[in-house]
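Some notes on the structure that comes next.
The values are calculated or read from the model by the stated rules, or taken from the named source; none is laboratory data. Every value quoted in this text rests on a predicted model; they were computed, and no experiment measured them. Glycine also receives a Cβ, built like all others from the backbone with ideal geometry; neighbour counts cover every protein chain displayed. Quick note on the areas: whole protein, heavy atoms, side chains included, nothing else; ligands and nucleic acids left out. Shrake-Rupley method; radii C 1.70, N 1.55, O 1.52, S 1.80 Å.
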Amino acid sequence: NAGVTQTPKFQVLKTGQSMTLQCAQDMNHEYMSWYRQDPGMGLRLIHYSVGAGITDQGEVPNGYNVSRSTTEDFPLRLLSAAPSQTSVYFCASSSGRFEAFFGQGTRLTVV
Amino acid sequence: AQSVTQLDSQVPVFEEAPVELRCNYSSSVSVYLFWYVQYPNQGLQLLLKYLSGSTLVKGINGFEAEFNKSQTSFHLRKPSVHISDTAEYFCAVSEGGGYQKVTFGIGTKLQVIP
């Protein structure tokens, strides 16, 4: 009963590097989202998807790309990492009943 | 646009004492309301939710919340806290109709003192 799985758990990047944060869910949920969590700012929505092939921007999309080729996977790509992207990233999935299931998070540091 | 205000960033409380974590929301339409809990180095998990019906909602771990439409509030309460309740609590709101983006508050850190 895996739920939402995020990899990696920790990552250190140099400024300008690119990387992909992986997210997979095994609950057949249509909706998936990426959030970043920063101290004193709660969770802010980066991108979300309402189904395979459909994505849209959230509150803070700049510097991030997403795609949704399958129901299960929703990777988040950092195009050129910046120190301002140092954060904890959470992936979440949900069915139509609005209860979101969260992954364990990826702690990213950009130096 | 919807928004959530959590009035207290930190709440210290002695073990076995009652606690209330405050949440106010702003929305021009009907809303769905949630409380999530985040234990250290963990993801968020749902404590309880209000979708419709009774305004008093009971959740896991002995928590409950009351939806007050006139005061646009959804405060979280527990009559007697335990050390294990030490965590960060997030209030969240989603406007009704189809899939809607969920807006989170900034969180309240509950510290239970032995």
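Show the residue pairs meeting these rules: Cβ distance below 6 Å; 6+ apart or different chains; first residue within segment B:100-114 and within 14 Å of another protein chain (Cβ to nearest Cβ) and within 11 Å of B:Val11 (Cβ to Cβ); second residue part of a strand (DSSP E or B) and open to solvent by 40 Å² or more (accessible area, probe 1.4 Å).
Taking only residues 6 or more apart or on different chains, the pairs are B:Lys109/B:Gln10.
Is it the case that A:Asp38 is over 15 Å from A:Pro8 (Cβ atoms), acidic (Asp, Glu), within 14 Å of another protein chain (Cβ to nearest Cβ) and free of Cβ contacts under 8 Å to residues at least 24 places away in the same chain?
No: the conditions fail for A:Asp38.
Name, by its number, the condition in (1) at pLDDT below 95; (2) over 23 Å from B:Tyr36 (Cβ atoms); (3) charged (D, E, K, R) that does not hold for A:Glu59.
Evaluating A:Glu59 over (1) at pLDDT below 95; (2) over 23 Å from B:Tyr36 (Cβ atoms); (3) charged (D, E, K, R) leaves (2) as the failure.
Please tell me if B:Val4 is more than 19 Å from A:Gly40 (Cβ to Cβ), open to solvent by less than 40 Å² (accessible area, probe 1.4 Å) and of a type in the set (Val, Ile, Thr).
Criteria not met by B:Val4.
Which condition breaks for A:Gly53 when tested against (1) closer than 18 Å to A:Gly3 by Cα; (2) surrounded by fewer than 20 Cβ atoms within 10 Å (Cβ to Cβ); (3) not basic (Lys, Arg)?
(1)
Can you find, within segment A:77-111, the residue that is nearest to A:Gly3 (Cα to Cα) among those that are among the β-branched types (Val, Ile, Thr) and either within 11 Å of chain B (Cβ to nearest Cβ) or more than 16 Å from the chain's Cα centre (by Cα) (or both)?
Among residues in segment A:77-111 that are among the β-branched types (Val, Ile, Thr) and either within 11 Å of chain B (Cβ to nearest Cβ) or more than 16 Å from the chain's Cα centre (by Cα) (or both), the one nearest to A:Gly3 (Cα to Cα) is A:Thr106.
Please enumerate the residues belonging to segment A:62-81 that are in contact with a strand residue (DSSP E or B) (Cβ under 6 Å, 6 or more places away or on another chain) and either of a type in the set (Ser, Thr, Tyr) or open to solvent by less than 30 Å² (accessible area, probe 1.4 Å) (or both).
Within segment A:62-81, A:Tyr64, A:Val66, A:Arg68, A:Phe74, A:Pro75, A:Leu76, A:Leu78, A:Ala81 qualify.
Every residue in segment A:1-18 that is away from chain B (no Cβ under 11 Å) and in a loop (DSSP other than H, G, I, E, B), please.
Of everything in segment A:1-18, those that are away from chain B (no Cβ under 11 Å) and in a loop (DSSP other than H, G, I, E, B) turn out to be A:Asn1, A:Ala2, A:Pro8, A:Lys14, A:Thr15, A:Gly16, A:Gln17, A:Ser18.
One line per residue, one yes/no per condition, for (1) in contact with a Ser or Thr (Cβ under 7 Å, 6 or more places away or on another chain); (2) surrounded by 15 or more Cβ atoms within 10 Å (Cβ to Cβ):
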{"residue": "B:Glu20", "(1), (2)": "no, no"}
{"residue": "B:Cys23", "(1), (2)": "yes, yes"}
{"residue": "B:Ser28", "(1), (2)": "no, no"}
{"residue": "B:Leu33", "(1), (2)": "no, yes"}
{"residue": "B:Val57", "(1), (2)": "no, yes"}
{"residue": "B:Ala65", "(1), (2)": "no, yes"}
{"residue": "B:Thr72", "(1), (2)": "yes, yes"}
{"residue": "B:Tyr89", "(1), (2)": "yes, yes"}
{"residue": "B:Ser94", "(1), (2)": "no, yes"}
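From the list A:Thr7, A:Thr70, which one is of a type in the set (Ser, Thr, Tyr) and free of Cβ contacts under 8 Å to residues at least 60 places away in the same chain?
Residue meeting the stated conditions: A:Thr70.
Given the conditions (1) over 12 Å from the mean Cα position of the chain (by Cα); (2) open to solvent by less than 20 Å² (accessible area, probe 1.4 Å), and given that A:Tyr35 satisfies all but one, which numbered condition is not satisfied?
A:Tyr35 satisfies every listed condition except (1).
Over 12 Å from A:Leu108 (Cβ atoms) and within 14 Å of another protein chain (Cβ to nearest Cβ): is that true of A:Gln57 in this structure? Please lay out each step first, then the result.
Working: over 12 Å from A:Leu108 (Cβ atoms): yes; within 14 Å of another protein chain (Cβ to nearest Cβ): yes.
It is true that A:Gln57 is over 12 Å from A:Leu108 (Cβ atoms) and within 14 Å of another protein chain (Cβ to nearest Cβ).
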